[in-house]
Structure formats: structure tokens, C-alpha cells
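Below is one structure, written out as C-alpha cells; comments come after it.
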Amino acid sequence: MKQRACKVCNTIYEGDKCPRCGSKEFTEGFKGKIQVLNPEKSEIAKKLNIKEKGKFAIKTR
Ligand SMILES: [Zn+2]
């Protein structure tokens, strides 16, 4: 299955809805991936407003 990125929280997932926020608004055309291990210390996580660990898309358009 293709990976999708949630447009609401940027989480990358496979399936029919976002496991993190439950949104069904997604894109398959996301750009860039980051694995956030330490959201409090990650500059990019701050920029993207990510507060949890996980895999996220950098751009969802
Ligand atoms: Zn989401």
C-alpha cells in the first residue's frame, strides 16, 4: 500500500485514516520524511509543530 501523509498532523501512515488524529484528509504527494525521536530537541519538529515521536512528512503539498 502507498504511504500517505496526513494533512492535519503530517503523520505518515498506511491505511484509510490517520492513526494519530483520525483525519481522512491525506496526500500521497508529500515531500520529504523525517523520523522524530526527540520532538523537544528537534528544530524541524518545532517548525512543523510536531510534539510527538513518529514519522512525519515535511511537506504535504
Ligand atoms: Zn493526522
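The values are calculated or read from the model by the stated rules, or taken from the named source; none is laboratory data. Keep in mind that what you see is a predicted model, and the values were worked out from it rather than measured. Backbone-built Cβ (ideal geometry, glycine too); neighbour counts: all protein chains shown. These area figures cover heavy atoms from the full protein model, side chains too; ligands, DNA and RNA do not enter into them. Shrake-Rupley method; radii C 1.70, N 1.55, O 1.52, S 1.80 Å.
For region 1-39, applying the loop criterion from DSSP together with a ceiling of 14 other beta carbons within 10 Å to the trypsin sites (Lys or Arg not before Pro) yields LYS2, LYS17, LYS24.
Of the residues VAL8, VAL36, ranked by 1.4 Å probe accessible area with the largest first, the sequence reads VAL8, VAL36. Accessible surface area normalised per residue over the chain is 73 Å², counting heavy atoms of protein chains with a 1.4 Å rolling probe.
Apolar share of the accessible surface for the chain: 47 percent from carbon plus sulfur atoms, 1.4 Å probe. In the chain, excluding the sites themselves, the longest stretch lacking any of the GluC sites (Glu not before Pro) that are in a DSSP loop with at most 10 other Cβ atoms within 10 Å is 41-61. Rolling a 1.4 Å probe over the protein chains gives ILE58 an accessible area of about 60 Å². 3J(HN,Hα) couplings calculated from phi for region 31-43 with the Karplus curve 6.51 cos²θ - 1.76 cosθ + 1.60 (θ = phi - 60°) are, in sequence order, 10, x, 9, 10, 10, 8, 9, 9, x, 6, 9, 8, 4 Hz; Gly and Pro show x. Cross-linked pairs LYS2/LYS47; LYS7/LYS55; LYS2/LYS31; LYS2/LYS51: Cα-Cα separations exceed 22 Å for LYS2/LYS47; LYS2/LYS51.
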